[in-house]
Structures are given as C-alpha cells and as structure tokens.
1. Among what's in the stretch B:92-103 and is at the interface with chain A (Cβ under 8 Å from one of its Cβ atoms) and of a type outside the set (D, E, K, R), pick the residue that is surrounded by the most Cβ atoms within 10 Å (Cβ to Cβ).
2. Scan the stretch A:60-77 and tell me whether some residue there is over 27 Å from A:Ile24 (Cα atoms) and free of Cβ contacts under 8 Å to residues at least 40 places away in the same chain.
3. Out of curiosity, is A:Lys69 part of a helix (DSSP H, G or I), surrounded by fewer than 19 Cβ atoms within 10 Å (Cβ to Cβ) and at negative phi?
4. Based on what the data block shows, is B:Gly143 within 11 Å of chain A (Cβ to nearest Cβ) and in a loop (DSSP other than H, G, I, E, B)?
5. Given B:Arg209, B:Arg217, B:Arg243, which one is within 27 Å of B:Tyr40 (Cα to Cα) and at pLDDT below 90?
6. Report, by residue number, each residue of the stretch B:116-131 that is assigned to a helix (DSSP H, G or I) and more than 8 Å from chain A (Cβ to nearest Cβ).
7. Is there any pair linking a residue in the stretch B:228-242 that is among the basic types (Lys, Arg) to one that is surrounded by 15 or more Cβ atoms within 10 Å (Cβ to Cβ), with Cβ under 8 Å and at least six apart or on different chains, and which?
8. Hey, can you tell me all the residues within the stretch A:89-127 that are in contact (Cβ under 8 Å) with a residue 40 or more places away in the chain and farther than 16 Å from A:Val25 by Cα?
Amino acid sequence: MTGFIDLYTEADTFIHRMDPRVKIVAVILLSLVAFLLTNLAYLSILLGLIMLLVYLSRATFSRTMFALKFVLRLMALIIVLWPLFDRSGTPVLASLGPLKITEPAIWRGLTSAVRVGCLATVWYILMFTTSQRDLVRALVKFGLRFDYGLTLAISLRFFPTFLSTIESITDAQRARGMEIEKGNLLKRSRNYVTVLVPAIVSALRTADTLSLALQSRAYGARPDRTYLREIKMRPSDYVALSVIIASLVLPAIARFVFSADI
Amino acid sequence: MIPCTSAIPSQDKVISIKNLKFTYEGGVRALLDICLDIKYGDYLAIVGGNGSGKTTLAKTLNGLLRPSSGAVFVKGRPTTERRVSELARVVGYAFQNPDHQLFCSSVEEEVRFGPSNLGYSEEDVRQKAEQAIVGMNLSHLRGKPPLSLRLGERRRVSMASVMAMDPEVLILDEPTTGLDAEEVSELMRRLRRLNEEGKTIILITHDMRLVAEHAKRVVVMAQGRIVLDSDPRGAFTDIEVLRRSSLEPPAVTLLSHRLSKFEIPQDIISPEELVLHLLRSEGESK
C-alpha cells in the first residue's frame with residue numbers, strides 16, 4: 001500500500017540526476033505545451049515523448065502500470081463521453097432522439113483525451129524520479145519557508161506510518177470481536193470511532209515526541225541555517241532547461257507569429 | 001515438504017499448525033513451513049530476535065492473517081472457515097502496543113467492549129468485565145479514562161479487555177515492555193494463576209528470564225522457522241542455537257556454564273536452583 005503513496009523509485013538516470021527545480025519547471029512548461037497544441041497529430045507526438053520519458057525514468061513495471069491504468073481510464077472516459085455532450089458539426093454519424101454523434105465531436109474528444117493524457121502523465125515523470133526530500137528542497141529553494149517545507153516533508157514521511165498504525169489498530173479491535181463492516185450506519189460509524197480515537201491519540205503522541213526530538217537537535221536555534229546537501233544547477237541542467245524552454249517557445253512562435261495550425 | 005508429525009493426541013490440541021507458510025503482500029516471506037501443536041492448558045513461550053516471525057505466527061492463530069499455504073486449526077477447525085470475531089471467543093490477543101486499542105472514556109467501558117461484541121448477555125458482560133478488572137488490579141481506576149493512565153496501567157487495561165472475553169487461549173505480545181520490575185512480577189503471577197485455572201498462555205517475548213521461570217515449553221524462532229522446541233531447560237542448554245537466533249540465555253544459566261569447572265550442572269535456569277545446588281554440595285563436603 002505504502003508504495004503507491006510515494007511513487008519515487010531509486011535509480012540513476014539522467015532524469016534522476018537533474019536538479020529538482022528544473023524538473024518542476026519542465027513539468028509545468030510541458031503542460032503548457034499540451035495546452036498550446038490543438039492538432040491531434042502533434043499532441044500524439046507530445047504524448048509519445050512523455051511516455052518515452054516515463055520509460056526512461058525506469059520506474060518498476062508495477063508502478064508504471066498503476067500510473068498508466070489511471071491515465072488510460074481517464075482518457076477512455078473522455079473519448080466516450082465527449083461526443084455525447086458535444087453535438088456540433090457535420091456529418092452526423094448516428095442519432096437517437098435528441099442524441100446525435102458527429103464526426104468532428106469524435107475528433108475533438110480524441111484530441112482532448114490525448115491532451116489530458118499528456119497533462120496527467122507528465123507529472124509521473126516528476127513523481128517517479130524525484131524523492132520527496134528533493135521535492136521539498138526544491139520548493140524551499142523556490143522561496144517556501146523552511147519550516148513549512150519541513151512540515152510538508154514530515155507529513156509525507158509519516159503518512160505511510162500512519163496508515164500502518166491504522167492497520168494495526170483495526171487488527172487490535174478485530175481481535176476484540178469487532179466487525180468493522182457489520183451493522184447499520186450508526187453501528188458502523190461507532191465501529192470507526194474505535195479505530196479513529198486510538199489513531200488520533202497515537203498521531204498526537206508521535207507529533208509530541210517528534211517536536212521534542214527536533215528541539216533537542218537544536219531545530220530553530222538560528223534563523224540562518226545551512227544545508228547538508230545544497231542543490232546546484234549543473235551545466236547539464238542548463239541544457240535541459242534550454243531544451244524545455246525551446247520546446248514551449250518554438251511552437252508558440254509557430255502558432256502566434258506565423259499562425260500555423262499546430 | 002515434509003508433513004507435520006505430532007506426539008500430541010488430536011483431542012488434546014487446542015491449536016494445530018500444519019506446514020504453515022505466510023508471505024506478506026510486499027513479498028516478504030515471514031513464515032516458512034511451520035509445524036506446531038499446542039495443548040490445552042499449556043504455557044508456551046515464543047522467543048526469537050526481531051523479525052524472526054513471532055508476531056506474524058501469533059496473528060495467524062486468531063485469523064488476523066490467513067495462511068498463504070498450509071493451515072491453522074483452532075479446536076479442530078481451520079481458521080479460514082471462521083471470522084476473526086468468532087475466533088476471538090477462543091483465542092484472545094493482547095497487542096504489543098496498548099495504545100492501539102484503547103478508545104473508551106472509562107476503564108470499565110473499555111473492558112466491557114470485547115465481551116459485548118461477542119454477544120454475551122448484559123449480566124455475563126458485567127460479570128466477565130468485573131472479573132478481569134479485579135484480576136488485573138484495576139478496581140481503583142475503573143472510572144478513569146484509560147488514555148490518561150501510565151503505560152503500565154494502560155497495558156493492564158488492554159490485557160483486562162482481552163481477558164474479559166474469557167478466551168481459552170491468551171496470546172500476549174511482549175506484555176512486559178515498559179513495565180517496571182514490580183509490575184512485571186505482578187503480571188507474571190496473574191498469568192500463572194490463569195494458567196493454573198486452565199487457560200492456555202502463549203507468551204511472545206525477548207525476556208529469557210521470564211521464559212525460564214514461567215513457561216512450560218519454549219519455541220525458538222529464527223528467519224521464519226522454528227529452530228528449537230523444548231522445555232526451558234532443554235532450550236537454554238543449547239546456547240549456540242540461542243545465539244544464532246539473537247537470544248541470550250538467562251544470566252544464571254550463563255554463570256553456571258562459566259562455573260562448570262566447579263562441578264555446577266549446565267542446565268540451571270533459575271537462581272533458586274543454583275542456590276539449592278550450592279547448599280547441597282556444601283552439605284556433602286561437610
């Protein structure tokens with residue numbers, strides 16, 4: 001269960017080595033490219049490139065499948081639903097009462113599906129290749145206050161722990177004869193109380209201990225702190241950043257300056 | 001795979017484990033081919049280093065974990081045929097961390113939760129809860145919120161809440177963690193009394209001294225297997241097996257091994273035995 005909350009997979013690829021800030025910027029810029037393109041063929045090429053990057057990020061097969069399953073379901077849903085709501089254009093392919101399916105609507109549905117596919121998949125590249133620690137570090141470098149960053153990092157770190165605590169509490173109550181799914185709504189909500197109360201109490205106890213542990217390691221002693229691992233832009237990061245910027249700027253020029261149909 | 005063999009006649013077995021294997025969802029193989037029979041009224045200690053499979057094994061006994069292969073029989077019926085809540089009537093399980101089960105606003109309410117789940121009559125619930133509260137020496141705390149109590153007291157509440165279900169088998173997972181010496185010996189006295197009344201006790205622990213002084217039978221686990229199964233005396237004389245399982249025999253056993261040249265026997269497992277032996281040999285030399 002915990003594996004799917006943190007999608008990060010340890011590996012040594014050029015995407016893993018990239019500065020996390022470049023990766024965040026790249027993901028945002030590539031999303032903008034997906035909005036910029038309107039032609040199904042070009043969008044498909046973009047989706048293909050993004051899939052290639054996902055492949056190159058060397059996530060485990062099960063994680064890639066987990067991610068793709070979600071994206072493909074979403075795309076299928078759009079392809080099916082779009083023509084039902086968009087009834088403009090000709091030729092009409094089929095009609096049933098007020099319901100009619102037109103050919104342009106099918107193409108528009110496909111285009112939107114591929115665009116959403118791009119937008120969803122591109123984030124997986126970031127999630128597969130960047131540890132939570134690096135993400136938080138990048139956000140702090142972008143100007144997030146360090147204590148907010150630390151809070152975020154701790155929440156992410158303790159989420160799986162919290163889930164396993166809940167699992168263990170549920171087991172403990174089942175061993176006392178509780179059947180969590182049994183009874184009417186009132187009975188069932190009372191069943192959840194037997195899990196939630198110990199879970200919250202144990203979360204508060206953990207938080208309390210953790211704050212003492214942080215203080216005893218002089219957290220917040222000085223406003224100007226140093227970092228064990230600084231993130232630094234390397235030449236390759238600048239190259240990657242330039243490529244990504246070009247991939248947004250070039251289609252933008254083509255579209256807005258030369259009015260190309262892309 | 002070798003089929004399990006057993007010297008215990010089947011009507012005497014409260015729990016019977018046949019070629020049990022268990023693999024966690026992530027692929028961790030926690031139990032590899034376990035065979036174990038437990039008699040009614042036994043006092044069994046399961047010992048082993050961290051990650052040896054003790055808790056996993058215990059969780060298969062009340063159906064919280066279902067065998068990946070093999071079977072666990074409780075009173076002759078496989079656990080897969082019964083719900084956890086049904087098994088709770090026979091096999092009580094006190095979890096390692098008492099805070100994972102306390103949620104009520106008073107000790108009394110907490111202790112009554114288990115038996116009321118099992119569908120006992122109001123009178124039976126009251127009586128069983130009362131017995132457990134007195135048995136765990138909680139009478140003076142019955143109105144207090146359990147979460148406000150000290151760790152040792154919380155642990156007693158959690159055990160009382162399991163004992164109140166009046167199960168025939170009582171599994172205690174590391175029950176002495178966080179207790180002081182006085183609380184430990186008090187707890188062990190109570191467990192012994194329960195055992196004398198006919199309850200089967202299964203104690204999961206690291207504390208070899210407790211095992212030596214209280215258990216009738218010791219099962220040593222390492223890497224998902226049972227590596228030793230004997231009475232405490234037999235278990236502690238095999239220091240090599242214990243060491244390999246990240247365990248150490250009680251200090252007094254180690255001492256008598258060191259003193260072997262003074263003709264101290266090698267199978268001493270309690271201070272009383274050592275004293276007795278020394279007094280006897282002094283008597284002989286006079």
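The values are calculated or read from the model by the stated rules, or taken from the named source; none is laboratory data. Computed from a prediction, not measured in an experiment: that's the story for all the values here. Backbone-built Cβ (ideal geometry, glycine too); neighbour counts: all protein chains shown.
1. Residues of the stretch B:92-103 that are at the interface with chain A (Cβ under 8 Å from one of its Cβ atoms), as a first pass: B:92-93, B:95, B:97, B:99-103.
Of the ones still in play, those that are also of a type outside the set (D, E, K, R) are B:92-93, B:95, B:97, B:100-103.
On the way: B:Gly92: 27, B:Tyr93: 28, B:Phe95: 26, B:Asn97: 21, B:His100: 23, B:Gln101: 31, B:Leu102: 25, B:Phe103: 22.
Only one residue fits best here, namely B:Gln101.
2. Pass one, the stretch A:60-77, residues over 27 Å from A:Ile24 (Cα atoms): A:76-77.
Then keep just the ones that are free of Cβ contacts under 8 Å to residues at least 40 places away in the same chain; that gives A:76-77.
There is at least one residue in the stretch A:60-77 that is over 27 Å from A:Ile24 (Cα atoms) and free of Cβ contacts under 8 Å to residues at least 40 places away in the same chain.
3. Yes, satisfied.
4. No, not satisfied.
5. Answer to the selection: B:Arg209.
6. Within the stretch B:116-131, B:Ser116, B:Glu122, B:Glu123, B:Asp124, B:Val125, B:Arg126, B:Gln127, B:Lys128, B:Ala129, B:Glu130, B:Gln131 qualify.
7. B:Arg233/B:Ile269
8. A:Trp107, A:Leu110, A:Thr111, A:Val114, A:Arg115, A:Val116, A:Gly117
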